[in-house]
1. Given (1) surrounded by fewer than 19 Cβ atoms within 10 Å (Cβ to Cβ); (2) under 23 Å from Lys440 (Cα atoms), where does Val374 come up short, assuming only one miss?
2. Need the failing condition index for Ile64 against (1) of a type outside the set (Phe, Trp, Tyr); (2) part of a helix (DSSP H, G or I); (3) modelled with pLDDT of 90 or more, just the number.
3. Which condition number in (1) touching a strand residue (DSSP E or B) at 6+ places or on another chain (Cβ under 7 Å); (2) not in a helix (DSSP H, G or I) is the one that Thr215 fails?
4. Restricting attention to segment 381-393, does a residue exist that is closer than 23 Å to Thr323 by Cβ, among the hydrophobic types (A, V, I, L, M, F, W, C) and touching a residue at least 40 places away in the same chain (Cβ under 8 Å)?
5. What strands (runs of 3 or more DSSP E) lie completely within segment 92-175 and have 2 or more residues being of a type in the set (Val, Ile, Thr)?
6. Which of (1) outside any loop (DSSP other than H, G, I, E, B); (2) outside the structural domain of Leu423 (by TED's automatic domain parsing); (3) of a type in the set (A, V, I, L, M, F, W, C) does Cys338 not meet, given it meets every other one?
7. Can you spot a residue in segment 364-371 that is aliphatic (A, V, I, L, M), part of a helix (DSSP H, G or I) and either modelled with pLDDT under 95 or assigned by TED's automatic domain parsing to the domain that holds Ile122 (or both)?
8. Quick check on segment 399-413: of everything there that is touching a residue at least 12 places away in the same chain (Cβ under 8 Å) and surrounded by fewer than 20 Cβ atoms within 10 Å (Cβ to Cβ), which residue is farthest from Glu334 (Cα to Cα)?
Amino acid sequence: MALKGLDIFKLTPKTNCKECDNPTCMAFAMKVAAGTQPVSDCPHMSPEALAKLASATQPPMVTIEVGVGDNAAKLGGETVLLRHEKLLVNKNLYGVFVSAESKDADIDALLADTLKIDYERIAERMTVQSVLVKCSSDAARSIAVAKKVIATGRILVLESTDPAVAKAVVEATKEAKPVLIGANASNFEAFNAIAKAAGIVLGVSGKDLNELHETIEKLEAAGNKNLIIDLGTASIKEAFANAVLTRRAAIKDGDHSFGYPSFVNVAALTPGDLVCQAALAALFTLRYGSIIIMERIGFAEALPLMGLRQNIFTDPQKPMRVTPGIYPLCGANETSVCALTVDFALSYFVVSGEIERSKIPVNLLIPDAGGMSVLTAWAAGKLSSATIAKYIQEFEVETKIKNHTLILPGKVAVLKGDLEGKLPGWNIVVGPNEAIQLVKFLRDFKSVAQASA
């Protein structure tokens, strides 16, 4: 059971030395209890107290790292079951399934299609981050396929229950820090030796939760806590139940043996049914799948899944924002008109979508408005003639764009007069109140501009 602030305070030296950057030992104890500061920040805590506190304040889930370089990722580390309780910290990974027994042409085509999924949404790069290679009995062939995956830069996940094959493939690919799936009650000792020698994450499964728990306890006793729980492929019902029960046991009951990220192969749960796989991927995105494997992921699957994931793995106390800057839309260039909106993600996507629907080239200007909507930002002083003029200067809009016509959101038409004073030489135009009116407004505006030219 987690210690309370007063319990932690009793173990502190009570010197109020402030070396932990807190005014008192009580303040430090409260932060430790809340999980916002580590116990190790106190330089005067006795070894006995540190040992007791380290055990009592241990997070319910282990954080593991997979992959290397730019595509490395962290999994686990969660402290709550649901996003609205606090915050989910490490987003899940989507991946595709490759069999070492497949033809090279089929594998190459799948990997090429997978690499096409690469786009940006609200300042976050969206890609298919992992590929599962199901090893065959031919270790050399499995190594060749695994190296194809490594060449794509994606996180490699290996699946095999044969220790000899697994050892050979891991030895040939260990520099990529793959995930090895395949440990169970009958082979965990051999797989543990392989994973620990290579310093990689080991996936462990069991015929039921009791066997899974016992196997994990044995692996922990052997000094391995770099694990991921394989939810199994017996049935959808069982895999989902395993996901929920293991996570609930870790977060709510403090069962550290179940406090690991989870792996789910929906391609094996519903082979050949891509629609069901997409639905299951959405389900396990919401309910505790850390690595989710499908047969294939095209844009039809990626767009909704990655949008869902981004919505789930964001701080509910902070608005979703786009990066302030200049966004040329519909082929806009330095001679195209400028329009302005705020950095609140919903505002950006609605406005940019309507501009693209109009097919009129527009340079969309996004200042820093604190992630608020137009009216909220105006009321809070985040969107004013002064902040807009400052943005124009900082982003060198006047030198980058020759067309000095700026369309303001209609709801802040009150800023027009002040802006004209702060931006001499600019033609300030008041746009419509609602984004849906932009298409007609922009087309009419273009027609008037052409007629007067």
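1. Val374 satisfies every listed condition except (1).
2. For Ile64, the exception is condition (2).
3. If we test Thr215 against (1) touching a strand residue (DSSP E or B) at 6+ places or on another chain (Cβ under 7 Å); (2) not in a helix (DSSP H, G or I), just (2) comes out false.
4. yes
5. Of the strands (runs of 3 or more DSSP E) lying wholly inside segment 92-175, those with at least 2 residues that are of a type in the set (Val, Ile, Thr) span 93-99, 130-134, 155-159.
6. Every condition holds for Cys338 apart from (2).
7. no
8. Lys411
The values are calculated or read from the model by the stated rules, or taken from the named source; none is laboratory data. Here the structure is a predicted model, which is why all the values come from computation and not from measurement. Glycine also receives a Cβ, built like all others from the backbone with ideal geometry; neighbour counts cover every protein chain displayed.
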